[in-house]
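Reading through the structure tokens given below for one structure.
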Amino acid sequence: MTKRPIAIMWFRNDLRLADNPALRATTQWAREHDGCVLPVFILDPVISDQLGGATRWWLEKSLTSLDRSIAERCDVSANIGAFSALRLFTGKASGVFDSIMETRPVGAMFWNRLYDQPSITRDTGIKATMMDRGLTCESFKAQLLFEPWEVKTGGGTDFKVFSPFWRACQKSQPPRAPFKAPDTITLFDQIIKGAVELNTLDLSPKPFDWAAGLSERFTPGEKGAMDQLFEFIDDRLQDYADLRDRPDHRVTSELSPHLRFGEISPFQIFHTANHFADANPGKGKTASKFLSELGWREFAHHILFHAKDLRSAPLQDKFRDFAWADAPDDLEAWQRGQTGFPIVDAGMRELWHTGYMHNRVRMIVGSILVKHLLIDWREGLAWFDDTLVDACPANNPFSWQWIGGCGADAAPYFRIFNPVLQGEKFDPKGAYVRQWVPELRDMPEQFIHKPWDASPLILKAAGVTLGETYPVPLIGLKEGRERALAAYQALKKG
């Protein structure tokens with residue numbers, strides 16, 4: 001049994017080798033102490049509670065990719081034929097580390113910081129325990145450009161509004177440059193008690209592989225993330241500012257699931273986009289617009305860190321007693337893309353098939369659910385948590401509180417998206433609707449977003465029978481708007 005001191009690299013939402021500060025510290029410690037590296041991932045209750053069906057699928061693929069990448073960089077003397085390079089465990093993280101240290105000479109532990117309260121509580125306790133035992137134990141900034149406690153208002157308080165928050169970030173010290181992956185990793189090459197095989201984690205979709213469409217859209221893993229970044233920079237970023245709200249054009253980066261699992265860092269994205277702006281005079285505006293979306297992610301984590309409960313409690317207390325409708329049939333119709341509003345149904349069907357939805361469409365489907373149908377935003381959050389490949393503890397609840405009008409810098413109660421106007425503006429020829437709602441593919445352009453306005457002759461020619469081949473709307477647009485305004489006005493008066 002080896003007596004070389006072990007440095008544990010605890011992977012969580014940072015499943016990459018490049019620009020990984022904790023991994024760099026781990027390999028450096030091992031080198032300086034003539035030790036070796038033990039890469040660990042633990043499916044503990046904190047992480048498991050944050051996973052839905054789509055993110056579990058992604059995690060399985062990402063862990064497979066990370067294990068392969070670590071193995072490729074192993075010291076030539078390592079013999080890992082009997083086990084994975086990345087050691088996998090289940091159970092409470094503290095118990096896993098206690099078990100490892102009962103039989104192994106662990107001298108250090110490193111990880112990158114997370115910002116939700118359950119992770120902070122877990123990590124704080126583990127760090128205190130390890131340091132009491134005399135271990136070197138450090139955490140690092142890797143998932144955000146700016147730590148939540150680094151960005152304050154002029155009065156020293158936390159930001160509640162995005163625009164001044166992002167301006168303050170831009171005036172701060174520029175984000176550091178990303179660094180390369182380690183050339184070699186001196187891996188601990190002995191069996192560890194309690195380590196399990198990947199299939200033991202039970203991450204694959206069941207009872208059937210509903211995620212087949214996810215693999216058609218995405219390639220999880222660090223290489224897939226970098227390929228996605230460079231494809232976006234080379235082919236689509238130049239049009240981002242003008243077309244980013246158009247679901248009928250593929251111009252968005254689609255990097256959010258890679259960011260969610262840390263297969264790419266925000267530092268890599270930030271500096272790559274800035275290099276694009278430097279190399280393309282006159283394109284600074286489109287790069288800046290893209291980076292502001294990275295700023296929204298920063299802001300969501302800023303709010304997550306300072307909020308006690310972003311998932312279940314509205315940030316604005318007046319919404320705690322809001323009279324949400326009890327409408328399970330409407331909720332199910334929304335989930336299945338059967339609302340009778342074409343762009344809403346297109347978005348919900350895209351989500352189910354690919355695990356992804358264009359950001360503009362996310363706002364439209366969210367508004368229909370929360371405002372026209374008056375269904376609790378937490379129902380939408382739960383569905384997105386289960387079906388989005390990029391669902392994370394910050395962005396998803398932050399976005400749902402925004403659309404519900406109860407969060408930070410939220411959409412005001414009177415901002416109610418009209419799905420017909422939104423469709424006509426952002427999917428003017430109906431290409432997005434035709435792709436995902438094929439029963440409407442033959443509708444004329446002027447009626448694709450409002451088939452109920454078409455004459456019986458036009459509907460017949462398009463092969464559409466409302467209420468049979470395609471549903472009638474769950475609620476009238478005017479009726480839904482007036483009902484929402486009345487409910488929000490009552491709340492305001494109360």
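Each reported figure results from applying straightforward, stated rules to the coordinates on display, with no laboratory input. Being a predicted model, the structure only gives us computed values, none of them experimental. Heads up, the Cβs are rebuilt from the backbone with ideal geometry, glycines too, and the neighbour counts pull from every protein chain shown.
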Cβ under 13 Å from H302's Cβ, H302 left aside: what net charge do those residues give with Lys, Arg +1 and Asp, Glu -1?
-> -3
Apply the Karplus parameterisation 6.51 cos²θ - 1.76 cosθ + 1.60, with θ equal to phi minus 60°, to every residue of segment 310-325 and state each ³J(HN,Hα) to the nearest whole Hz, in sequence, with x for glycine and proline.
-> 7, 7, 10, 10, x, 5, 9, 4, 4, 8, 5, 10, 5, 8, 6, 6
Going by C-beta contacts inside 10 Å, put S172, S312 in order with the fewest on the left.
-> S312, S172
Between helix 342-354 and the chain: long-axis angle, C-alpha atoms, 0 to 90°, nearest 10 = 20 degrees
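Once the piece of chain linking Q117 and A241 is laid out straight, how much longer is it, given 0.36 nm per residue of separation minus the C-alpha distance between them? Walk me through the numbers on the way to the answer.
Working: separation 124, 0.36 × 124 = 44.64 nm, distance 3.49 nm.
Gain in length upon complete extension: 41.2 nm.
Just for the chain, what percent of DSSP beta bridges are antiparallel, to the closest 5?
Details: 1 of 23 bridges.
Taking every DSSP beta bridge with both residues in the chain, the antiparallel ones total about 5 percent.
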Which distance in Å, rounded to a whole number, links the C-alpha centroids of segment 436-494 and segment 141-212?
-> 41 Å
With all pairs of different alpha carbon atoms counted, what Kirkwood hydrodynamic radius in Å does segment 136-293 show?
-> 19.0 Å
Report, to the nearest 10°, how far helix 395-404 tilts away from the longest principal axis of the Cα atoms in the chain, using its own Cα long axis and a range of 0 to 90°.
-> 30 degrees
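With Kirkwood's inverse mean 1/r over C-alpha pairs for Rh, give me the Rg to Rh ratio of segment 1-141, two decimals please. Mind dumping the intermediate values first?
Values: Rg = 14.6 Å, Rh = 15.6 Å.
Over the Cα atoms of segment 1-141, Rg/Rh equals 0.94.
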Once phi for every residue in segment 173-182 is put through the Karplus expression 6.51 cos²θ - 1.76 cosθ + 1.60 (θ = phi - 60°), the whole-Hz ³J(HN,Hα) values, with Gly and Pro written as x, are 4, x, x, 4, 6, x, 10, 6, 5, x
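Net charge near A490: determine it from the other residues with C-beta under 13 Å of the C-beta of A490, scoring Lys and Arg +1 and Asp and Glu -1.
On the way: positive: K318, R483, K492, K493; negative: D321, E482.
Residues close to A490 contribute a combined charge of +2.
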Residue-by-residue Karplus 3J(HN,Hα) for segment 160-168, coefficients 6.51, -1.76, 1.60, Hz, glycine and proline x | 10, 10, 5, 4, x, 4, 5, 4, 5
Rg to Rh, two decimals, where the chain supplies the alpha carbon set and Rh follows Kirkwood | 1.00
Would you mind listing how long segment 317-493 runs along its three principal axes, going by Cα atoms, in whole Å with the largest first?
-> 52, 35, 28
How big is the gap, in Å, between the Cα center of segment 291-316 and the Cα center of segment 215-239?
-> 26 Å
Based on DSSP H runs of at least 4 residues, each adding -39500 (n - 2.57), what is the mean residue ellipticity at 222 nm of the chain after dividing by all its residues, to the nearest 500 deg cm²/dmol?
-> -14000 deg cm²/dmol
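For a quick check: sort V161, V365 by the number of other beta carbons within 10 angstrom, fewest at the front.
Values: V161 11, V365 28.
By the 10 Å Cβ count, ascending, the order reads V161, V365.
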Helix 53-72: inclination vs the chain longest Cα principal axis, degrees, rounded to 10, gives 30 degrees
When C169, C392 are ordered from fewest to most other Cβ atoms inside 10 Å of their Cβ, what list results?
-> C169, C392
